[in-house]
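Undergrad: Once you've had a glance at the structure underneath, I'll fire off some questions.
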């Protein structure tokens, strides 16, 4: 028997405050870090330097180091994690902490009207594991059509040959026990009664309900997550677990710029550590895996970017490329549109329960392993069977109102006016959320530097909802949410659709297209999936920054491997696609090095034989 939510709120406040203090202490003192080595190695020359140890950087470093003769230096701006940060339920609490870069967009002119100062919060991990330490841990591959579009100009490309084998290579499923994979993929070990009811409601409406083997297909299903034995698991965990002696990992190193010879060949990086500047050198390549913002910032400071922008901030242009353009993000809306008159079996009172604490540390199961998302769905608003989904739905077992405004609303940046007039009025209800997510927005934004100072702030303008198409798709998503909530199955668990008028939209009739347009433009939330600022494409493509070998155009030995190279968003959570790109890039780097060493015959170079490509 659990006490009411209100009984746990004082304890919740104390625990969140204590956890925040623990994060501060951990970050600034490394008191919980069991593997922190801060010895500087700036005088050693390495084969490769990898900038950033998020998902992509960790995979690239580990794959390159499979050749014991190759030395790899990994420079991570954040700190090591620890066993506390690996508890899945704590992921959200890392946002707006020292482990988060705490980026924000500029005020939006077509969206975010219900957020503080019209600004979108952009959390990104400043920690080993990157944003994989802050997210919902959802693992999906995406649709074959997504990747086919990326590589449509690449000669000889096929999904079955060039993409699928890499997914199989990187995945360690909880029932297979493969040890060479880059990440661990498992099933949910905890769900509330909401998940089962949603799947039954989907069947009631005639929507397909998928089994666990149908990865990212149209319909409803239970997601796979990156959790191992109850712990949040990222490729950085795999990297640390394997303890490869030819990888030197250094944390708290902030890379400022790339060092280039006159012929634009990268030979190293300049970085700071404890207020001092250092140089690290590499003979075979510098790999940027600092994320959409970090990688863009480093390239711009290195003189690689749009000439006009660099000139405006007094940075000498070395290579004129559209770095920072093509910014895209999965946008969502719809928090707390579902009200319940009974408990769902998840919430503060369950998470704070001593039984949940015991269950987690005893068996690695229970509420502390929750990914936040219990059900996923994919829809196409087009009528054709072959159409790629343009909507994803993430069914979240709690709403913004869950903690009565203590933390979650600040994490999302909800304005005081919206909180007081809308969310605060829901405290007598249990709330949950079905988020309609815009998968393929037509809006495009950009990233710029504020100045030429090394520690310059970045100007992030996603230009959310600047295209009417994006608004229309989200409105269609809300209509699907309403249909789900009003099914017989959902009514069995006391569900009803929230018909409270959103502040700023009272001039429109509730439920009308005009009302929902207003609603979407007020409650515009990032799904934490920004991509595209260093677009990958054909060498001759003017909008591309990197070619299909992940090499920055016009340079030699300078590569980018992270979400910034994605030309467009995939149809689902992007973490799996980032893993894939890192696996692909690693083989390309190995092959490039193989050719440079002259170990291939003319015939092998011509046909790119399997033996040659997989030398390491």
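The values are calculated or read from the model by the stated rules, or taken from the named source; none is laboratory data. Predicted model, so just to flag it, every value in this text is computed and none were measured. Glycine gets a Cβ as well: all are built from the backbone with ideal geometry, and neighbour counts include every protein chain shown.
Undergrad: Looking only at residues that are over 24 Å from residue 149 (Cα atoms) and out of contact with any strand residue (DSSP E or B) (no Cβ under 7 Å at 6 or more places or on another chain) in the stretch 365-399, which one is surrounded by the most Cβ atoms within 10 Å (Cβ to Cβ)?
TA: Here the residue is 370.
Undergrad: Condition first: at pLDDT 90 or above and surrounded by fewer than 19 Cβ atoms within 10 Å (Cβ to Cβ). Now tell me which residues in the stretch 400-411 satisfy that.
TA: 410, 411
Undergrad: Here is a further query. Please identify the pairs in which a residue from the stretch 544-564 that is more than 18 Å from residue 292 (Cβ to Cβ) has its Cβ atom under 6 Å from the Cβ atom of a residue that is surrounded by fewer than 23 Cβ atoms within 10 Å (Cβ to Cβ) and modelled with pLDDT under 95, counting only partners at least 6 apart or on another chain.
TA: 547/539; 548/154
Undergrad: Checking residue 425 against (1) in contact with a helix residue (DSSP H, G or I) (Cβ under 8 Å, 6 or more places away or on another chain); (2) over 25 Å from residue 528 (Cβ atoms); (3) surrounded by fewer than 22 Cβ atoms within 10 Å (Cβ to Cβ), only one condition comes out false. Which one?
TA: (1)
Undergrad: Before we move on, is residue 277 part of a strand (DSSP E or B), surrounded by fewer than 22 Cβ atoms within 10 Å (Cβ to Cβ) and without any contact (Cβ under 8 Å) to a residue 40 or more places away in the chain?
TA: It is true that residue 277 is part of a strand (DSSP E or B), surrounded by fewer than 22 Cβ atoms within 10 Å (Cβ to Cβ) and without any contact (Cβ under 8 Å) to a residue 40 or more places away in the chain.
Undergrad: Name every residue in the stretch 158-193 that is part of a helix (DSSP H, G or I) and at pLDDT below 90, in order of residue number.
TA: Hit for the stretch 158-193 is 193, nothing else.
Undergrad: If you don't mind, there's one more thing I want to ask. Filter the stretch 132-150 for residues that are part of a helix (DSSP H, G or I) and in contact with a helix residue (DSSP H, G or I) (Cβ under 7 Å, 6 or more places away or on another chain); which is nearest to residue 528 (Cα to Cα)?
TA: 132
Undergrad: Select from the stretch 512-537 the residues that are out of contact with any helix residue (DSSP H, G or I) (no Cβ under 8 Å at 6 or more places or on another chain) and more than 30 Å from residue 562 (Cβ to Cβ) and list them in ascending order.
TA: Correct list: 512, 514, 515, 518.
Residue-wise test of (1) out of contact with any strand residue (DSSP E or B) (no Cβ under 6 Å at 6 or more places or on another chain); (2) crowded, with 20+ Cβ neighbours inside 10 Å; (3) on the phi > 0 side of the Ramachandran plot.
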| site | (1), (2), (3) |
| --- | --- |
| 199 | no, yes, no |
| 208 | no, no, no |
| 220 | no, yes, no |
| 236 | yes, yes, no |
| 249 | no, yes, no |
| 253 | no, yes, no |
| 257 | no, no, no |
| 262 | yes, no, no |
| 272 | no, no, no |
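Undergrad: Condition first: part of a strand (DSSP E or B) and over 22 Å from the mean Cα position of the chain (by Cα). Now tell me which residues in the stretch 532-555 satisfy that.
TA: 551, 552
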